[in-house]
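Where a number appears in this text, it was derived from the coordinates with a stated rule and is not lab data. This is a predicted model, so every value here is computed, not measured. Here the Cβ positions follow ideal geometry from the backbone for every residue, glycine too, while neighbour counts run over all protein chains shown.
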Amino acid sequence: MAVPTVLFYNLDSEKGRKIKLLCLAMKLRVKNVSPAEYGIPLGELLQGKGEPSEDTEVFSEEMLVMAHLTNGQVDAFLHGFRRKKIEPVSLKAVLTPVNSTWDSGTLREELLRERGEFEKTTAREPFKNESPAGIS
């Protein structure tokens, strides 16, 4: 059975330390991903396979990838951020059969694209107290 793991990117900070403590309290394995590992497919990275490369595109955004967590563990992990007053990490993903074949850079690009689409959609949404017809 796969070990519940959280991949950490660019979280060498006090916030990262707090997130690691949260993971330890939840018995989640933490793996700090180095820039040389960004080109390794996520599934291989989690299995300790793949060869690091210095030719990989590096990025500076903080990112978390939750792998092999149950739905309850994901919920508890995210709730732990609020409970412990940890600033959010804007790029987060759950490992899936599709994205497990992607490298870290590809996942980052997809998360940025999705975040941009979400922000466009929410910017166009009417105020929540308005009806779709504009009648309050």
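Worth a mention:
- Most mobile listed residue (N99, N71, N32) in the chain, GNM with C-alpha springs under 10 Å: N71
- Of the trypsin sites (Lys or Arg not before Pro) found in region 1-60, those that fall in a DSSP loop while having at most 11 other beta-carbon atoms within 10 Å are K27, K49.
- Helix-only [θ]222 nm of the chain, DSSP H runs n ≥ 4, -39500 (n - 2.57) each, per residue, nearest 500: -12000 deg cm²/dmol
- Taking θ as phi - 60° and the Karplus parameters 6.51, -1.76 and 1.60, the scalar couplings of region 28-42 work out to 9, 6, 10, 10, 7, 9, 7, x, 5, 9, 4, x, 7, x, 4 Hz in sequence order, x denoting glycine and proline.
- For H68 and R82, the difference between the fully extended length at 0.36 nm per residue and the C-alpha to C-alpha distance is 2.9 nm.
- Shown is the FRET efficiency for R113 and S60, computed with R0 = 22 Å from the Cβ-Cβ distance and rounded to the nearest 0.05: 0.80.
- Sequence-distant residues sharing a close amide H with V94 (under 5 Å, placed H): M66
- Annotation: lysines with alpha-carbon distance below 30 angstrom to K20 (same-chain offsets under eight excluded): K31, K49, K84, K85, K92.
- Gain in span if fully extended, S53 to V94, counting 0.36 nm per residue against the direct Cα distance: 12.3 nm
- Between helix 104-124 and the chain: long-axis angle, C-alpha atoms, 0 to 90°, nearest 10: 10
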